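Student: Have a look at this one before I ask anything.
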């Protein structure tokens, strides 16, 4: 072969950091060695993979085209190296999850995954659907677990499990005694909501079609626990996944509200993978554990 894995590692590190010095630091190399490796890779094939803008490296069209193939090749190479060294078949995994999944479901899966072998490690990044999708697209994460609908030409979206949102309030809120709310009740209420870009907000807006321009949103918060606490103090009513409200409903700290039958808040959780991502044993094991949850 006319290229080395080290040259490819430098290419990917430079693509991530957009700076050869930072790329070298991430690979524990000298700046000159990393710069030479990248120049040799381009010279061997008479190509240019980056546009140089001062000290910043910006992937050009060819670089963006080749990046998924290089990611997949190096992932296979790392898995082969683990097997040759007689290490575990299931290795380190970088997982991204949206807040509901990350805070209430993913930690249990992590514990089971790390029981597989001594080398099985998981890093978990928790953010909203938009951010996790972007991180998977950029190959910064091996797999994403999201709660929002998504369309992307680069990502494979795989259904996981069903979920539903529940409208809720404090037990002493004026709406707590209502058997079923009306659209007028929903319009008159003050809402504490997740931020735009989250899967929860996406599902809420779909279920509230026709009312959205007129509902009153007092607060938009990025964390479910903050929303629950705000609702407990009667600042308004909320709408979150039943998964993260189960304990509060059992204790009586919060109570569910019945919405009109035509207001549907059901949804699906999904796995997302880059279509060019090599799907190794670790990803397959993670998906299997999630499905068994």
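The values are calculated or read from the model by the stated rules, or taken from the named source; none is laboratory data. Please read these numbers as outputs of a predicted model, since none were measured by experiment. For neighbour counting, all protein chains shown are included, and Cβ atoms are generated from backbone atoms with ideal geometry for every residue, glycine included.
Student: Any residue in the range 273-280 that is part of a strand (DSSP E or B), touching a helix residue (DSSP H, G or I) at 6+ places or on another chain (Cβ under 9 Å) and assigned by TED's automatic domain parsing to the domain that holds residue 149?
Tutor: Of the range 273-280, the ones part of a strand (DSSP E or B) are 273-274.
Then drop every residue that is not touching a helix residue (DSSP H, G or I) at 6+ places or on another chain (Cβ under 9 Å), which leaves 273-274.
So of that shortlist, the ones also assigned by TED's automatic domain parsing to the domain that holds residue 149 come out as 273-274.
Looking through the range 273-280, at least one residue is part of a strand (DSSP E or B), touching a helix residue (DSSP H, G or I) at 6+ places or on another chain (Cβ under 9 Å) and assigned by TED's automatic domain parsing to the domain that holds residue 149.
Student: Could I ask something else about it? Right, residue 192: more than 18 Å from residue 261 (Cα to Cα), surrounded by fewer than 16 Cβ atoms within 10 Å (Cβ to Cβ), at pLDDT 95 or above and not assigned by TED's automatic domain parsing to the domain that holds residue 283 or not? Show your work before the answer.
Tutor: On the way: more than 18 Å from residue 261 (Cα to Cα): yes; surrounded by fewer than 16 Cβ atoms within 10 Å (Cβ to Cβ): no; at pLDDT 95 or above: yes; not assigned by TED's automatic domain parsing to the domain that holds residue 283: yes.
Taking the combined requirement at face value, the residue does not satisfy it.
Student: State whether the residues of the range 115-131 include one that is within 8 Å of the chain's Cα centre (by Cα), surrounded by fewer than 23 Cβ atoms within 10 Å (Cβ to Cβ), part of a helix (DSSP H, G or I) and on the phi < 0 side of the Ramachandran plot. Break it down into steps so the answer makes sense when it comes.
Tutor: Of the range 115-131, the ones within 8 Å of the chain's Cα centre (by Cα) are 125-131.
Now restrict to residues that are surrounded by fewer than 23 Cβ atoms within 10 Å (Cβ to Cβ): 125-128, 130-131.
From the residues that got through so far, the ones that are part of a helix (DSSP H, G or I) too are 130-131.
Subsequent filtering for residues that are on the phi < 0 side of the Ramachandran plot retains 130-131.
Yes: one or more hits.
Student: Say whether the condition of being under 26 Å from residue 141 (Cβ atoms) and modelled with pLDDT under 95 is met by at least one residue in the range 251-266. Break it down into steps so the answer makes sense when it comes.
Tutor: Of the residues in the range 251-266, the ones under 26 Å from residue 141 (Cβ atoms) are none.
No, the conditions are met nowhere in the range 251-266.
Student: So in the range 208-232, with the set limited to residues that are at pLDDT below 95 and out of contact with any helix residue (DSSP H, G or I) (no Cβ under 9 Å at 6 or more places or on another chain), which one is farthest from residue 145 (Cα to Cα)?
Tutor: 213
Student: Residues of the range 148-163 being in a loop (DSSP other than H, G, I, E, B) and surrounded by 14 or more Cβ atoms within 10 Å (Cβ to Cβ), which ones? Quick ask: steps written out before the conclusion?
Tutor: Taking the range 148-163 as the starting set, the residues that turn out to be in a loop (DSSP other than H, G, I, E, B) are 148-154.
Result: 148, 149, 150, 152, 154.
Student: To continue, here is another question. Say we look at the range 262-275 and pick out the residues that are surrounded by fewer than 16 Cβ atoms within 10 Å (Cβ to Cβ) and touching a residue at least 24 places away in the same chain (Cβ under 8 Å); which of these is nearest to residue 94 (Cα to Cα)?
Tutor: First, pick out the residues of the range 262-275 that are surrounded by fewer than 16 Cβ atoms within 10 Å (Cβ to Cβ): 262, 264, 266, 275.
Keeping just the survivors that are touching a residue at least 24 places away in the same chain (Cβ under 8 Å) gives 264, 266, 275.
Details: 264: 33, 266: 28, 275: 16 Å.
Across the range 262-275, the extreme among qualifying residues is 275.
Student: Among 48, 58, which is the only one that is in contact (Cβ under 8 Å) with a residue 40 or more places away in the chain and loosely packed, with under 14 Cβ neighbours inside 10 Å? So that I can check it myself, show each step before the final result.
Tutor: Working: 48 fails: in contact (Cβ under 8 Å) with a residue 40 or more places away in the chain.
Only one candidate passes the filter, namely 58.
Student: For residue 29, work out the one condition from (1) over 26 Å from residue 76 (Cβ atoms); (2) touching a helix residue (DSSP H, G or I) at 6+ places or on another chain (Cβ under 8 Å) it doesn't fulfil.
Tutor: So residue 29 meets the others, but not (1).
Student: Also: Determine which member of the set 145, 165, 175 is farther than 26 Å from residue 210 by Cβ and touching a strand residue (DSSP E or B) at 6+ places or on another chain (Cβ under 6 Å). First the steps, then the outcome.
Tutor: Working: 165 fails: farther than 26 Å from residue 210 by Cβ; 175 fails: farther than 26 Å from residue 210 by Cβ.
Criteria check complete, one pass: 145.
Student: Could you check the range 53-69 and list, in sequence order, the residues that are under 31 Å from the mean Cα position of the chain (by Cα) and either in the same structural domain as residue 276 (by TED's automatic domain parsing) or more than 19 Å from residue 274 (Cβ to Cβ) (or both)?
Tutor: 53, 55, 56, 57, 58, 60
Student: Now a separate question. Out of all the residues in the range 9-44, which are surrounded by 15 or more Cβ atoms within 10 Å (Cβ to Cβ) and either not in a helix (DSSP H, G or I) or not assigned by TED's automatic domain parsing to the domain that holds residue 63 (or both)?
Tutor: If the condition is that a residue be surrounded by 15 or more Cβ atoms within 10 Å (Cβ to Cβ) and either not in a helix (DSSP H, G or I) or not assigned by TED's automatic domain parsing to the domain that holds residue 63 (or both), then 18, 19, 27, 29 are the ones that fit.
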